[in-house]
Amino acid sequence: MNQEWMDLDTPTLLLDKPTLLANIRKMSDFAKENKVNLRPHIKTHKSVEIARLELEHGAIGITTAKLEEAEVMASAGMMDILVAYPVSSPAKIERIISLLSKGVDLKVSVDNLEQIKLLQKALEKSGHTLEVWIKVNSGLNRCGVEPGESAVELAKAVLFLSQLRVGGIFTHAGHSYGARGQEELERIAAAEAEAVVSSAEACEKAGIPIPVRSVGSTPTYRISGKVEGVTEVRPGNAVFFDSIQVGLGVADREDCALSVLASVVGVYPDRIVLDAGSKTLCLDKGAHGLDSVKGFGYVLGHPELTIERLSEEHGVAVFDSRCDLRLNDKVRIIPNHACTVANMFEEYTLVEGAFVVDRWKVDARGKRK
Ligand SMILES: Cc1ncc(COP(=O)(O)O)c(C=O)c1O
């Protein structure tokens, strides 16, 4: 492949291969150094090739949000999968059973009595057993039982269900994305680890062993993953990083592996227009808002530009004094949120230096069931 990426038509999703590999190594080195397991969340890349790379670098398994993501990865041979999402509908439980029938070592998030009863009932019929991980709320206030006694009560309830067994306790400190500064980040990460470890210890005191105590979010895992009693980390975004992570101080711009190659399609006295709108860059400024994230992506090499507005296929970048870009010039944009942007594309164009070195599918793109 002797093609230069600058010659590609746009918009195109570029993935810098050396940076990707460095990011994967950083996650696996952290896990090795701190003697914790690594179970990366593949919702970031939705790619079989990248999940395989993560496993080759020492990940013990993967995390998915959606069952469809698990199905795509399982059909590519990945067998150790945590579905970190509340699953309770009959249609989805049937798909869990189907994955179990294929020999997938599946773990499913649980956080309430009604859900575990629904799982039990369907599994009694099929004869399968399922490992469940209790999700605890460490402050995000999304899903999860409260840490401590509520987790113990749910674990005890599982003991009475013949087809279920508790394999772990986990949490996701997604509110770390709203942290204003390192101190707050450290507080959130400490609370994340405490929620999991204290719940696991309370369960063990009640006679229920909890072998896995799992934490994870890119902003926090390097802090919470060091806490005594934590056995596993689940970073997702850290495989790519993005402008939100740079804004949080979690990554440098050079760590960002993913970028969108876009062209200038209009030049005006106070703005240029790029062929990357909301269907490419997404309207994402981070779920929890961040003052340090300006605009809808960072245009590399053009600090004078702010992508101020997006319509579906247009990105309007404004500047104060001057901008030398001309019609058909190309720019690389580091997205605000790499996970949502990757989901918009069919494939990654792998680049190294000036050259295209490979193309990989975004295998589970658009999968949301
Ligand atoms: C349950 C769970 N684990 C891990 C992650 C990974 O988080 P991040 O992408 O911040 O690393 C997420 C992200 O949504 C999640 O929901």
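Looking at (1) within 16 Å of the ligand (Cβ to nearest atom); (2) touching a Phe, Trp or Tyr at 6+ places or on another chain (Cβ under 6 Å); (3) touching a residue at least 40 places away in the same chain (Cβ under 8 Å), which is the one condition that is false for Ala65?
Only one criterion is unmet by Ala65, namely (3).
Residues that are more than 27 Å from Gly295 (Cβ to Cβ): which strands (runs of 3 or more DSSP E) entirely in the stretch 325-369 hold 3 or more of them?
Working: elements: 330-334, 347-352, 355-361.
Passing ranges, in order: 355-361.
Given the criteria closer than 23 Å to Glu346 by Cα, open to solvent by 10 Å² or more (accessible area, probe 1.4 Å), in contact with a strand residue (DSSP E or B) (Cβ under 9 Å, 6 or more places away or on another chain) and within 13 Å of the ligand (Cβ to nearest atom), does His45 qualify?
The answer is no for His45.
Inside the stretch 310-359, can you point out the residues that are more than 27 Å from the chain's Cα centre (by Cα) and either aromatic (Phe, Trp, Tyr) or open to solvent by 50 Å² or more (accessible area, probe 1.4 Å) (or both)?
Initial filter on the stretch 310-359 (more than 27 Å from the chain's Cα centre (by Cα)): 316-330, 354-355.
The answer is Phe319, Asp320, Ser321, Arg322, Asp324, Arg326, Leu327, Asn328, Asp329, Lys330, Phe355.
Working carefully through the options Gly174, Gly178, find the one that is in contact (Cβ under 8 Å) with a residue 12 or more places away in the chain, farther than 15 Å from Val215 by Cβ and open to solvent by less than 30 Å² (accessible area, probe 1.4 Å). Let's see the steps before the verdict.
Numbers: Gly174 fails: farther than 15 Å from Val215 by Cβ.
Matching residue, one of Gly174, Gly178: Gly178.
Can you tell me how many residues within the stretch 107-130 are over 27 Å from Ala190 (Cα atoms) and either outside the structural domain of Lys92 (by TED's automatic domain parsing) or surrounded by fewer than 22 Cβ atoms within 10 Å (Cβ to Cβ) (or both)?
The total comes to 15.
Among all residue pairs at least 6 apart or on different chains, which show Cβ distances below 7 Å where the first residue, located in the stretch 69-92, is assigned by TED's automatic domain parsing to the domain that holds Asp105 and the second is surrounded by fewer than 22 Cβ atoms within 10 Å (Cβ to Cβ) and polar (S, T, N, Q)?
Pro86/Gln115; Ser88/Gln115
Does the stretch 8-16 contain any residue that is polar (S, T, N, Q) and either crowded, with 24+ Cβ neighbours inside 10 Å or under 18 Å from the mean Cα position of the chain (by Cα) (or both)?
no
Right, Glu131: outside any strand (DSSP E or B) and out of contact with any helix residue (DSSP H, G or I) (no Cβ under 9 Å at 6 or more places or on another chain) or not? Walk me through how you get there before you give the answer.
Numbers: outside any strand (DSSP E or B): no; out of contact with any helix residue (DSSP H, G or I) (no Cβ under 9 Å at 6 or more places or on another chain): yes.
When the stated conditions are applied, Glu131 does not pass them.
For the stretch 221-236, what are the residues that are assigned to a loop (DSSP other than H, G, I, E, B) and either near the ligand (Cβ under 8 Å from one of its atoms) or more than 22 Å from Ala338 (Cβ to Cβ) (or both)? Let's see the steps before the verdict.
We begin by selecting, within the stretch 221-236, every residue assigned to a loop (DSSP other than H, G, I, E, B); these are 225-231, 234-236.
Matches in the stretch 221-236: Lys226, Val227, Glu228, Gly229, Val230, Thr231, Arg234, Pro235, Gly236.
Do we have any residue at all in the stretch 244-262 that's under 17 Å from the mean Cα position of the chain (by Cα) and more than 15 Å from the ligand (Cβ to nearest atom)?
There is at least one residue in the stretch 244-262 that is under 17 Å from the mean Cα position of the chain (by Cα) and more than 15 Å from the ligand (Cβ to nearest atom).
Give me a count of the residues in the stretch 148-169 that are under 27 Å from the mean Cα position of the chain (by Cα) and either basic (Lys, Arg) or at pLDDT below 95 (or both).
Result for the stretch 148-169: 1.
The values are calculated or read from the model by the stated rules, or taken from the named source; none is laboratory data. What you see is a predicted model; the values in this text were computed from it and never measured. With ideal geometry, Cβ positions are generated from the backbone for all residues, glycine too; neighbour counts draw on all protein chains shown. Keep in mind that these areas ignore ligands, DNA and RNA; they rest on the heavy atoms of the full protein, side chains included. Shrake-Rupley method; radii C 1.70, N 1.55, O 1.52, S 1.80 Å.
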